[in-house]
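Some notes on the structure that comes next.
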Amino acid sequence: MNKPTPFKIISDIVSKTIHPWEYEPDLYEWTHRGIECVARRNMTHGAWCGYVDVPREMWESFRILSVNGTDTLDDRIDVHGGVTYSDNSLDKDAFRIGFDCSHGEDYLPKISNLTRDIMYHKDERPTYRDLAFVIAECESMVDQILKITSGDVGDKP
């Protein structure tokens, strides 16, 4: 079964509300250039988290090809707020890395209304990072990893 494209989902959402979190799904999975990606909403505060499942052999190449042995993931991958999650204990043969959209400048739909007056000045408005944003960041992470490892997995969607 084919999933609708993420951008079709987003355009449908925008036409219904000014609050996309009210209609966005809480989980979205897709493949970019042969690498599995996951966007999952944090149900406590409502912000998105994005993950990329790097195949183990590609992950080993990525680690070896770092500029020096002391680089952190943040030194090698440019993503919103930096890499905030890494786990190699997946049931599949992959290493999951991820980021979140719950930093100081991010809007947290489930709690921001409660804390807005405390956390922000009246002229400061945090930004809601929507599903399209998370998809773009995950795909950027995949592209960065493939560039470093010369890991051409073809022209897969």
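The values are calculated or read from the model by the stated rules, or taken from the named source; none is laboratory data. Keep in mind the model is a prediction, meaning the values are calculated, not measured. All Cβ positions, glycine included, derive from the backbone under ideal geometry; neighbour counts span all protein chains shown. Side chains are part of the model used for accessible areas, which takes the heavy atoms of the whole protein and leaves out ligands, DNA and RNA. Shrake-Rupley method; radii C 1.70, N 1.55, O 1.52, S 1.80 Å.
Some points to look at:
- Efficiency of FRET between Arg125 and Glu57 - r from beta-carbon atoms, R0 41 angstrom, step 0.05: 0.40
- Glu24 - accessible surface, heavy atoms, 1.4 Å probe, Å² rounded to 10: 10 Å²
- Distance between the modelled labels on Trp30 and Asp87, one decimal in nanometres: 2.3 nm (7 Å Cα→Cβ projection).
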